[in-house]
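> Submitted below is the structure of interest, expressed as structure tokens.
What follows is calculated from the coordinates using simple rules that are stated; it is not laboratory data. Everything numeric in this text was worked out from a predicted model, so none of it was measured. In this analysis, Cβ positions are derived from the backbone assuming ideal geometry, glycine residues included, and neighbour counts consider all displayed protein chains.
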Amino acid sequence: MACFPGGRPGAWSFALSQERMIMNDHRRLGRELGIFDTDPLIGSGLPYWLPAGSAVRKAIEDYVHELERRNGYQHVNSPVLGKRELYERSGHWAHYAEDMFPPMLVGGEEFVLRPSLCPHHALIYRSRRRSHRELPLRLAELGGMYRSEPSGVLGGLSRVRAIQLNDGHVFCAPERAAEEVSAALDLIEAAHARLGIRAARYRLSLRGEGAKFVDDPGMWARSEALLRDVLNERGRDHDEERGEGAFYGPKIDIQIADPAGRESTLSTVQVDYFQPERFDLGYVGGERPVMVHRSVVGGIERLVAHLIEVHGGAFPAWMAPVQAVVLPLSDAELPAASDLLRRCLEAGLRAELAPADRGSLGARIRAHRLVPYQLVVGPREVASGRAAVRLRDGGQAGEMPVEQLAAQSRPFGSIG
Ligand SMILES: [Zn+2]
């Protein structure tokens, strides 16, 4: 049982020197590790996920879902397309059409693959009579969105046409907006620490010239000042760039850099007075709510591309495609090793067995060098029924019950 399907683990050092980082191009490593691939018959910018990639992705999605739940978010699900009129109402049609797929005609109506989740969430807000007591209402969704990128700019997972976006919208009273922007930055910074991501810089993305941006100078001035004040209060150095805002409002963008120094936006927080107006949102006991748009980890594709490069395939235990490999010393320990594998799987670990017919213990350890926990089963472990945990850096974590190993392999410790 190969640890990473189709992969050749063991070819890399764990020392992430600069040179090594450059070798960690996610497109090469992602294919070698069995994370993702593409097929010209599906099309460029439309990668698919292989088993190891789906495992990493599920671990991250579960973590973000739990982080949001703990911070007062309610999760929703909405369709990946909507009628053209929806995007005319939201303003996308007027300001963002060149990035959208053309409409599909079905039963005399035009449908568009959605360029963002915001309009659906605005309608979900509007679907019930809202009271000031319900605010702030925090809705989150991991959902598909689509961008008609030209084929020349597409590559691997970092630039794609179909994006699974970690999105969320906080509907709140205007006087509460700054607090909610700051709370969103708390979430982003907590998630980055857990994922092992270091921001390249914070960018305050402002309105630029032209019809791409809603023409309402007072609205822009108000929302830009709000975001700037939050950044300053938090002591976050940032650059301000004109022309990088959303069409409806300014953004705090948290930029990451790839090994070659190319920057892209991962996480974002935006304050929006425009869409609440367009969708005529309201609540009892107040006037119009503000929409704080936020993405904690951005699109899953770009996030995983970055994580492959940052960790060089040696993912933190909680998100590793395979968390534990069971290594019987010889065929004599195979029954005990099979039992240990079963207990690992039942405890929630992603685990595999590498029996003795795969080679010497040293060879099997090398083949699984990216797996965080290597559980060697010899006569002593057969007798004790516990696992002797070897770490991938060669260190020993000692004997421990499988449940304890599973608990420390979760992003929130014993919960999750
Ligand atoms: Zn949004």
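> Whole-Hz ³J(HN,Hα) for each residue in segment 383-395, computed from phi via Karplus 6.51 cos²θ - 1.76 cosθ + 1.60 with θ = phi - 60°, x for glycine and proline: what do you get?
5, 7, x, 10, 9, 8, 9, 9, 8, 5, 8, x, x
> With a sphere of radius 13 Å drawn around the Cβ of ARG70, what net charge do the other residues whose Cβ falls strictly inside it have (Lys, Arg +1; Asp, Glu -1)? Can you show the working numbers first?
Details: positive: ARG69, ARG138, ARG194; negative: ASP62, GLU66, GLU68, ASP186.
Counting the neighbours of ARG70, the net charge comes to -1.
> So, in nm, how far is label MET400 from label VAL153 when the simple model puts each one 7 Å beyond its Cα toward the Cβ?
4.5
> Between ASP229 and ALA332, with labels modelled 7 Å along Cα→Cβ, what's the label distance in nm to one decimal, could you check?
Each label point lies 7 Å from its Cα, and together they span 7.4 nm.
> Percent relative contact order of the chain, based on C-alpha pairs within less than 8 angstrom and at least six residues apart?
On the way: 783 pairs, mean separation 71.7, N = 416.
So the answer I get is 17 percent.
> Top mean-square fluctuation among VAL64, VAL153, VAL80, Gaussian network model of the chain, C-alpha springs under 10 Å?
VAL153
> For the chain, return all DSSP H helices satisfying: extent of Cα atoms along own axis at least 15 Å; mean Kyte-Doolittle hydropathy at least 0.0.
Both cut-offs are met by 177-195, 300-311, 334-346.
> Given Cα pairs under 8 Å that are at least 6 residues apart, what percent is the relative contact order of segment 87-143?
With pairs under 8 Å counted, the relative contact order is 23 percent.
> What is the Cα centroid distance between segment 307-374 and segment 101-129, reported in whole angstrom?
Segment 307-374 and segment 101-129 have Cα centres spaced 45 Å from each other.
> When the dipole is taken about the Cα centre of segment 260-345, and only Lys, Arg (+1) and Asp, Glu (-1) are charged at their Cβ, what size is it in debye, to the nearest 20?
Numbers: 7 positive and 10 negative charges, 13 e Å.
Rounded to the nearest 20 debye, it is 60 debye.
> Once you charge only the Cβ atoms, +1 for Lys and Arg and -1 for Asp and Glu, what is the size of the charge dipole of the chain about its Cα centre, to the nearest 20 debye?
Dipole of the chain, to the nearest 20 debye: 720 debye.
> Rounded to the nearest 500, what is the chain's calculated 222 nm mean residue ellipticity when only DSSP H runs of at least 4 contribute -39500 (n - 2.57) each, over all residues?
Numbers: 14 runs with 138 residues, N = 416.
Value at 222 nm, helices only: -9500 deg cm²/dmol.
> Also, I was wondering about something else. Could you please report the charge total around GLU149, scoring K, R as +1 and D, E as -1 over all other residues with beta-carbon less than 9 angstrom from its beta-carbon? Kindly include the intermediate steps, with their values, before the conclusion.
Working: positive: ARG147, ARG159, ARG161; negative: ASP99.
So the surrounding residues net to +2.
> Expressed as cubic angstrom per residue, what is the convex hull volume of the alpha carbon set of the chain?
Details: hull volume 67.9 nm³, N = 416.
Each residue corresponds to 163 Å³ of Cα convex hull volume.
> By per-residue mean of other Cβ atoms within 10 Å, what is the highest-first order of 94-103, 335-344, 321-330, 375-384?
Numbers: 94-103: 14.7, 335-344: 19.2, 321-330: 24.0, 375-384: 16.9.
So the peptides 94-103, 335-344, 321-330, 375-384, ranked by packing, come out 321-330, 335-344, 375-384, 94-103.
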